[in-house]
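Below is one structure; the comments refer to it alone.
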Amino acid sequence: MQVWLEPLIKIVLVVLATQAAVAYLVLVERKVAAYMQDRLGPNRVGPWGLFQPIADGAKFILKEELIPAGADRALFLIAPVSILAAATLAFATIPFGYLVPWPGADPIELTIAPKVDIGLLFVFAIGSLGVYGVILGGWASNNKYSLLGGLRSSAQLVSYEIPLGLSVIGVLLFSGSLRLETIITAQAQSGWWWFAVQPLGFLVFMVSGCAEASRLPFDLPECEQELVGGYHTEYTAMKFGMFAFAEYLHLITVAFLTVNLYLGGWHLWGLAPYADEVGWFGAIVRVLVLNIKMLLVILFFMWIRWSWPRFRYDQLMNIAWKVMIPLGVINLLVCAVCQEFLDPKNYLTRAVLGWLAVGGCVLYAALFAHPGKTRLKAPGIT
Amino acid sequence: MQPDSKQIKWVDEPKLGLAGRLYLTPLIDGLSLTARHFFRTARGEGFTRQFPEERPLFGNPLIYRGVHRLNKDEQGRVKCVACFLCATACPAHCIDIIGTESPWADREKYPQSFVIDELRCIFCGMCEEACPVDAIELTSLFDLTGASREEMVFDKEKLLSVYDQTCDLEPMRSRGPAAHSGPPPGKDH
Amino acid sequence: MLAHFPVLAASRISLLADQFRSALQQPHSGLVLRSLLILVAGGVGLYLMLPRGRHTGRRFDRIIGAALATLSLVLLATVEIPTGLAEVESAQKTLLWSFGSESKITGFTFYALAAISLVSAVMMITSRNPVYSALWFAVVLLGNSGLFLLQGAEFLSAATIIVYAGAIVVTFLFVIMLAQPSGAAKYDHVSREPLLSCLTGLILSSVLVGTLHYSARLDVRGGATETSILPSAEIITLSSTLPDSRHRTDANRHVAGLGKALFLDHVVSVEVIGVLLLAAVVGAMLIAGHPVHAPGVNETGRNKTGRNDRPS
């Protein structure tokens, strides 16, 4: 009885919370986009447009479902379901801290699957399954633009998984575990968030995470400018809604990972310090801190969406293979050297070395590697 | 045009300075620009008007080309004399007039039916230009909506009611000679 | 010498027959024979289902094959698994009903995952569309990684998904979609050598069943340590009956153990494989980066400013 009751409650909570969060993130995104373009955004449904997500949801459900002629029916229907399932499943190992309901009781881990040894790897594995929805949707639609979107996404997501994995190894080295709880605890105990210690890894992770979530500077799989809607061009009504949901779930996952790996998770000096016994109040404060940090990261992603130009496809691939992977390797080298030769408590020297590496890379990029030169030197079919 | 044509002027890309090659300054420029706009709108200094509550104000409503109206004269009769000049001038062929013998002494004909298909109309204002008696005019009503195609085909009564609706705000552009005395103004010249 | 051949052959045959007879007298040989028969039925079904020839109207064959394969799968699930542990053996009749009430969820998860893997594997080799084959392959990998997870091999399951399902099958799909947007070629929807491949598969699975039987027999005799050669179903049964197996206390056991095994016990192999992979990557870059000297194409194609559309 109790064996399955506790995970079930957690699953229901997390799924409902993420669905609601996605619905309102869409509103936030539209508001932020509007404000940056001197507009007001949705403000008709309810005060400040607060009921807009409900109206959007009703619209998604009530609109006409279309399956294009010549589409592969089975795969066309499976694609949105699979991408949404993969995006939701990734939340199984994301920790929200823990709770001691009464003094002396066993602590309750606020995670669906606590004590999973490979928490981070699990998220990556499930995240890598999200490609299937995109590829299937693109292929099954029987549409050239959709197929192009699917092809682009398969190459892009597979390429950016490599720098994503590389950037995380530094964090694993310093924390000594793949479990997300342990990674947060390591940051909370040391008082240093890993982004200050490994700025290069943080940069690579943010860029690759943005690409994995197909956010706007890297939105080549769907790019409205060239491919109409990319892989979801032919999708209507709730099936399109599932794709949109999954997209925002990916965004939330990336934001959670960024916060957990580099920004200290639930830890905040003074407000939510490291302590073993956490009562109801402490647990709620931690969840709040975690979620506010996550929201800030998401807002940053929305900010860069409207600020920076998009990449061309060859530039995208060049950034993955010629910039991000070398940067990830440099970060790994610095971290490995620090871990081997420095005192485990000596985080100041590590941070100084990390920022020196950033400075060196920036200086190298400025002096030796500007776009014109690399294009001339690039070998290959002319 | 051939790629080696003399008419093409090739422009080299501007050289990036050190700051440009650091990539940092352009990125920060972009971020600060959007942030400036964000906070300006957030302070309430945007440009948006709340449309249905706040009606837009035209500098001069008399030169706006919106929904048509059929003007009435002082006795409340339709001013139109069924001369078909507007229907002839219309490039979209959206005006359909059936004229008959006029019951009034001051003119020979009047429109038995006067139908404008507002969906075909391109709001060019040629009918207004062509009308010799200033009977047809374009008003400043711009939010023309309807639930069916039939609803958007305006007949004489509807066009006259548009006049009743807008005559206070937008007076007739030219009174012209009084319709009840003398020959129709179209025959003056 | 040739004159002795019949005698030699006869003696060999009689020896084999003796061995066979003695094997039949083993306690679980009936079970093995039954499993082998079921496997043969499954193999025949698979052979009937494999896509052959140009004509697509072999619907009847496919239905019979599918029925045979399903039947053999169901029968295989009901075969008793020989075990060395008396208390487990007395409690269970077949593998399907062998799980106690507290481990039923684990047992059914195992069966669901195993069935998914097997069915998708069959679908993978019998479907005519290469895109479908690749997708069924991905499902096989997911089922396998679920089985790994059930056995506690968390790292292996995650690595299977990331490396195979997340990268390799996606690359397959990429190539298939890029190469055949208009439809599959002939060689892609016909099975090559269906008979031979079915036979090979049958022999492999028979050997697997025999090995299972052999290891179980060793257990009965106490010839091996229990932990090393236990059939997997028993490990599930055992580990799920352990007190509070859901909350493992030594959370770092798996990954740390794997790391120790890789980098202490097999460090030389790991290094050699690493060097091999590096050489492969460098070689791939060398091949891909080689400039193509096609006639009519300028060697650089670009002038000094790097723009390739500008006349020189």
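Worth pointing out:
- Among the residues listed as A:I252, A:I292, the single one being surrounded by fewer than 17 Cβ atoms within 10 Å (Cβ to Cβ) and of a type in the set (V, I, T): A:I292
- Unique match (being among the basic types (K, R), touching a Gly at 6+ places or on another chain (Cβ under 9 Å) and at pLDDT below 85) among A:K373, A:K293: A:K373
- Test: B:G46 is more than 10 Å from every other protein chain (Cβ to nearest Cβ), within 30 Å of A:N43 (Cα to Cα) and among the small types (G, A, S): no
- Matching option when the condition is touching a Lys or Arg at 6+ places or on another chain (Cβ under 9 Å), farther than 23 Å from B:F51 by Cα and of a type in the set (D, E, K, R), among B:E137, B:E108, B:E129: B:E137
- Residue match in the range A:159-176 (condition: among the polar types (S, T, N, Q) and either touching a Leu at 6+ places or on another chain (Cβ under 7 Å) or buried (at least 24 other Cβ atoms within 10 Å of the Cβ) (or both)): yes
- The one condition in (1) without any contact (Cβ under 8 Å) to a residue 40 or more places away in the chain; (2) part of a loop (DSSP other than H, G, I, E, B) that A:E65 fails to fulfil: (1)
- Residue match in the range C:138-146 (condition: at pLDDT below 80, within 20 Å of the chain's Cα centre (by Cα) and within 11 Å of chain A (Cβ to nearest Cβ)): no
- Selected residue (criterion: surrounded by the most Cβ atoms within 10 Å (Cβ to Cβ)) from residues of the range B:108-122 that are in contact with a His (Cβ under 9 Å, 6 or more places away or on another chain) and not basic (K, R): B:I116
- Total residues in the range A:115-145, condition farther than 22 Å from A:P217 by Cβ, over 20 Å from the mean Cα position of the chain (by Cα) and of a type in the set (S, T, Y): 1
- Scanning the range A:17-58 for residues that are among the aliphatic types (A, V, I, L, M), in contact with a Leu (Cβ under 8 Å, 6 or more places away or on another chain), part of a helix (DSSP H, G or I) and without any contact (Cβ under 8 Å) to a residue 40 or more places away in the chain yields A:L27, A:A34.
- Of all the residues in the range A:199-226, those that are more than 19 Å from A:E161 (Cβ to Cβ) and either in contact with a Lys or Arg (Cβ under 8 Å, 6 or more places away or on another chain) or among the polar types (S, T, N, Q) (or both) number 3.
- Test: C:S206 is more than 11 Å from chain A (Cβ to nearest Cβ), assigned to a helix (DSSP H, G or I), at pLDDT below 80 and over 22 Å from C:M123 (Cβ atoms): no
- Test for A:V32: is it within 30 Å of A:V123 (Cβ to Cβ), surrounded by 15 or more Cβ atoms within 10 Å (Cβ to Cβ) and within 23 Å of the chain's Cα centre (by Cα): yes
- Matching entry among B:L33, B:L16 (being over 28 Å from B:C124 (Cα atoms), in a helix (DSSP H, G or I) and at the interface with chain A (Cβ under 10 Å from one of its Cβ atoms)): B:L33
- Meets criteria (surrounded by 10 or more Cβ atoms within 10 Å (Cβ to Cβ) and of a type in the set (A, V, I, L, M)) for B:V67: yes
- Hits in the range C:24-55 - residues which are loosely packed, with under 14 Cβ neighbours inside 10 Å and either among the aromatic types (F, W, Y) or modelled with pLDDT under 75 (or both): C:L24, C:Q25, C:P27, C:G30, C:G53, C:R54, C:H55
- Counted residues, the range A:307-337 - those being more than 28 Å from A:Q156 (Cβ to Cβ) and either within 13 Å of another protein chain (Cβ to nearest Cβ) or in contact (Cβ under 8 Å) with a residue 24 or more places away in the chain (or both): 1
- Inside the range B:85-101, residues that are crowded, with 16+ Cβ neighbours inside 10 Å and either in a loop (DSSP other than H, G, I, E, B) or of a type in the set (G, A, S) (or both) make up a count of 5.
- Screening the candidates A:V81, A:V123 for the property of being in a helix (DSSP H, G or I), surrounded by fewer than 19 Cβ atoms within 10 Å (Cβ to Cβ) and within 14 Å of chain C (Cβ to nearest Cβ) yields one hit, A:V81.
- Every residue from the range B:124-155 that is crowded, with 17+ Cβ neighbours inside 10 Å and aromatic (F, W, Y): B:F154
- Only one of the numbered conditions (1) at pLDDT 85 or above; (2) surrounded by fewer than 19 Cβ atoms within 10 Å (Cβ to Cβ); (3) closer than 22 Å to A:T93 by Cα is violated by A:W193, and that is (2).
The values are calculated or read from the model by the stated rules, or taken from the named source; none is laboratory data. Predicted model, so just to flag it, every value in this text is computed and none were measured. Cβ sites come from the backbone with ideal geometry, for glycine too, and all protein chains shown count toward neighbours.
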